[in-house]
Amino acid sequence: MLKLRRYFLTGLLLVLPLFITFYILVLSFKFIDGILGGFINNYFRANWGFFVPGIGIILGILIVWLTGFIATHFLGKRMLSALENRFIGLPGVRQIYPSAKQIVGFLFSKDKAAFKQVVLAEYPCKGIWSIGFITNDSFAEANQLTGKDLVHVFIPSTPGPWSGFLVLIHKADIKHLNISIEDGIKLVFSGGILKPSLDKEPVI
């Protein structure tokens with residue numbers, strides 16, 4: 001019985017991640033393809049009786065590439081800037097679009113990573129330590145008001161590290177961890193089940 005249980009757990013550890021990965025990829029493919037492909041494939045079905053899987057993704061890539069091509073030229077930059085200013089003027093857009101653009105630009109920047117270092121921070125109260133990621137130095141006004149050299153620390157939630165809390169903490173009050181950003185994200189995402197590479201133990 002013990003051997004059967006061990007075989008089952010070993011197989012589960014191999015098969016389940018593959019299944020989850022495949023399932024997420026299929027859902028993502030259907031969602032992205034459905035944004036543009038839904039309209040086109042409905043037209044194809046109605047007129048010719050067939051549809052083209054993946055056409056929405058192909059069109060999406062072409063649109064992104066074409067937009068980038070236009071934006072790299074001087075006239076394209078001026079035109080897109082004018083359209084962007086008009087778009088920001090729409091009700092509700094001003095509160096969302098600028099922040100979204102700034103975050104996306106930061107995440108895809110080649111010059112710096114979104115998360116700079118993994119740290120321990122006493123949050124939400126003294127004696128309780130949370131995994132956090134330094135994202136930036138604090139702004140001058142916050143440092144002047146507190147009289148301290150603060151840093152921006154993102155405290156992610158579990159199991160979704162894409163949401164959490166931004167806290168400003170004195171540099172002297174955080175502990176720097178000697179682990180990679182990837183290991184820090186895995187640690188949070190797994191709820192502490194997956195430990196950093198240096199601390200990994202053999203699976204029995």
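No value in this document is a laboratory result; all are computed from the given coordinates. Small disclaimer: the values here were computed from a predicted structure and weren't measured. For neighbour counting, all protein chains shown are included, and Cβ atoms are generated from backbone atoms with ideal geometry for every residue, glycine included.
Data for the structure
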quantity: Ascending count of other beta-carbon atoms within 10 Å, so fewest first, for 40, 131; calculated: 40, 131
quantity: Sites residue 170 and residue 93, calculated FRET efficiency, Cβ-Cβ separation with R0 45 Å, nearest 0.05; calculated: 0.75
quantity: Per-residue [θ]222 nm for the chain (sum of -39500 (n - 2.57) over DSSP H runs n ≥ 4, rounded to 500); calculated: -17500 deg cm²/dmol
quantity: Relative counts (whole %) of C-alpha pair distances in the chain, using bins that are 5 Å wide; calculated: 1, 6, 8, 10, 12, 12, 12, 12, 10, 7, 4, 2, 1, 0, 0
quantity: Given 3/186; 116/195; 101/195; 126/148; 148/195; 148/175, the pairs whose alpha carbons are separated by over 26 Å; calculated: 3/186; 101/195; 148/195
quantity: Residue order, fewest to most surrounding Cβ atoms within 10 angstrom, among 170, 176, 152; calculated: 176, 170, 152
quantity: Gain upon complete extension [residue 50, residue 62; 0.36 nm per residue less C-alpha separation]; calculated: 2.1 nm
quantity: Spacing of the two label points (7 Å from each Cα toward its C-beta) at residue 135 and residue 181, in nm; calculated: 1.3
quantity: Residue list for the stretch 56-73, given a label point 7 angstrom along the Cα-to-Cβ vector of residue 40 and an amide N cut-off under 15 Å; calculated: 56-67
